[in-house]
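See structure below.
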Amino acid sequence: MLSVSPQLSDSVMAAAMAIETPALVYDLETLDQAVEDFRTDLLPVTDATLCFAVKANRAPDVLARLAAQGVGGDVATLAELHAARAASLSPIFATSPAFTEIEWRELKQAGILPDLDSRSQVARWARHPDLGRRIGLRIRLRLPDDRYDVSPFGRWSRFGVDADDPQLHQLLREHDLEVVQLHAHAGEVGSLEQADRLMETMLTCLELFPRVETLNLGGGFAPLYHKHAAGSKAWYQIGAAIKNWAALNGRRPTVVVEPGWLLAAQTGFLVTTVRASEPHPSGHRLVVTDASAWNLLAWNRPTLVGILPERQGAKSPTDLAGATCYEDDYFLRGEVLPELQVGDRLVLGGMGAYVASTVRATHGLEKPSEWAVDGDRCVPIAPYR
């Protein structure tokens with residue numbers, strides 16, 4: 001069963017005691033298990049290709065471990081492409097709203113067909129016959145119902161083409177372009193109804209683009225896994241929908257899935273040291289650490305999974321704050337904890353995705369060092385761009 005709760009191993013705890021802080025620690029054995037569990041869930045989708053959203057984590061050791069498990073990659077920049085290729089992720093898929101002709105050519109040289117994000121990109125591609133007639137398209141999707149009201153684009157994602165756009169189809173005909181890949185991703189799929197809507201949209205697109213060979217469903221399935229039964233059931237529904245469509249149409253596209261958070265988040269831990277601990281007029285204890293939530297958690301929220309040394313005694317509401325001078329720099333608020341002391345080490349889970357790869361640099365604070373734990377081995381990870 002794929003877990004969305006951090007699983008703190010003895011090896012990670014030993015590393016947390018030994019290394020300098022702040023530090024990010026990735027448990028590679030937990031990563032292996034996440035891949036195995038997700039592949040088990042994917043079994044109803046016949047011959048699905050599992051890729052990793054490289055934007056979630058570019059650490060070379062993490063990517064190499066995924067590659068060793070036969071996982072491919074999804075990239076949106078040349079930096080991500082170079083990281084994916086250095087780690088031997090295969091196959092690799094690519095889409096970005098801002099790719100240039102130079103970037104497309106580098107992707108082509110690497111044997112990668114990008115999924116074009118807009119009608120403007122299709123028109124630019126068509127002006128360069130050397131790029132080829134075969135193209136991929138990213139399809140615009142409706143955002144989840146719980147998000148559209150805060151989006152400036154209403155119910156619709158800002159990414160992708162409108163599959164039934166007459167001007168798009170005219171452009172494809174004029175330049176004799178053949179759509180062989182479709183790519184979908186918009187926000188997060190948080191319910192079985194949204195998973196059904198995704199498949200309904202993509203299967204309709206297969207009718208509009210009859211030469212499609214690859215159907216890429218993207219990622220964003222993490223919310224389903226907060227209730228694992230929903231995550232498992234979604235893949236049964238998706239697999240059944242594709243099987244039924246293939247039986248009616250006599251062809252079956254290759255299916256690609258590109259999770260990021262689901263594979264990597266719970267394999268990562270932030271180790272940080274308490275720098276101040278005292279009562280606050282709010283009635284909570286205010287604890288300041290040597291890392292910054294503002295710098296590290298643009299897309300993520302942590303879970304406190306370890307205190308070193310273990311503290312006993314009365315517990316009280318505690319606010320865990322970061323190292324910047326930003327007023328709202330908090331990891332957690334109102335956590336009921338024993339009284340923490342200066343010098344204590346805290347281990348925060350859920351930090352393996354969208355942390356180091358989305359880091360800010362307020363005050364010029366350096367990014368935490370990164371470490372890979374594999375059984376009893378704990379080794380530093382070389383810096384990457």
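How long are the three semi-axes of the equivalent ellipsoid of the chain, in whole Å, if each is the root of 5 times an eigenvalue of the C-alpha gyration tensor, listed from largest down?
Value: 41, 21, 20 Å, ordered largest first.
Counting other Cβ atoms within 10 Å, which trypsin sites (Lys or Arg not before Pro) in the stretch 264-371 have at most 16 and lie in a DSSP loop?
Arg311, Arg360
Shape verdict for the stretch 265-380, please, from the Cα gyration tensor: rounded (a/c under 1.5), prolate (a/b greater than b/c) or oblate.
Judged from the Cα gyration tensor, the stretch 265-380 comes out oblate (a/c at least 1.5, b/c at or above a/b).
Lys/Arg Cβ at +1, Asp/Glu Cβ at -1, dipole of the chain taken about the Cα centre: which of Gln7, Pro60, Ile19 is farthest positive-ward?
It is Pro60, whose Cα lies furthest towards the positive end.
Find how many whole Å separate the alpha carbon centroid of the stretch 266-283 from the alpha carbon centroid of the stretch 306-385.
After rounding, the separation between the Cα centres reads 7 Å.
Taking the simple approach of a point 7 Å from Cα along Cα-to-Cβ for both His363 and Asp376, what is their distance in nm?
Those two pseudo-labels are separated by 3.9 nm.
Once both labels are modelled 7 Å past Cα along the beta-carbon direction, what's the Arg155-Ala79 spacing in nm?
My value for the distance between the label points is 3.7 nm.
Hey, can you grab everything whose amide H is under 5 Å from the amide H of Ala291? Only 5+ residues off in sequence or another chain; H modelled, so Pro and N-termini drop out.
Amide H neighbours of Ala291, under 5 Å, 5+ apart: Thr273, Ala323.
Give me the distance in nm between label points sitting 7 Å out from Cα along the Cα-to-Cβ direction at Asn249 and Glu207, one decimal.
For Asn249 paired with Glu207, the spin-label model returns 1.0 nm.
Quick one: net charge around Pro253, please, counting Lys, Arg +1 and Asp, Glu -1 for every other residue with C-beta under 11 Å from its C-beta.
Cβ neighbours under 11 Å give a net charge of +1.
At 0.36 nm per residue, minus the direct Cα-Cα distance, what do Gln69 and Gln341 gain on full extension? Give it in nm, one decimal, please.
Roughly 93.8 nm would be gained on extension.
Can you list the residues, at least 5 places off or on another chain, whose amide H is less than 5 Å from the amide H of Ser316, using H built in the peptide plane?
Leu337
Could you go through the stretch 309-324 in sequence order and give the Karplus-derived ³J(HN,Hα) for each residue, using 6.51 cos²θ - 1.76 cosθ + 1.60 with θ = phi - 60°, rounded to whole Hz, and x for Gly and Pro?
So the Karplus estimates, Gly and Pro as x, are x, 5, 9, 10, x, 4, 10, 8, x, 10, 9, 9, 10, x, 8, 8 Hz.
Between Ala86 and Ala123, what FRET efficiency comes out of the Förster formula 1/(1 + (r/R0)^6) with R0 = 30 Å and r the beta carbon distance, rounded to 0.05?
That pair, Ala123 with Ala86, gives E of 0.35.
Between exposed GluC sites (Glu not before Pro) in the chain, where DSSP calls loop and at most 12 other Cβ atoms lie within 10 Å, what's the longest gap?
For GluC sites (Glu not before Pro) (loop position, at most 12 other Cβ atoms within 10 Å), the longest site-free span of the chain is 21-309.
Rounded to the nearest 0.05, what FRET efficiency do His280 and Ala18 have when you use their Cβ-Cβ distance and R0 = 35 Å?
It comes out at approximately 0.65.
Take the alpha-carbon centre of the stretch 211-251, take the same for the stretch 1-72, and report the distance between them in whole Å.
22 Å
Rule-based calculations on the coordinates, nothing more; no lab input. Since the model is a prediction, treat every value here as computed from it, not as a measurement. Cβ: placed from backbone, ideal geometry, glycine included. Neighbour counts: every protein chain shown.
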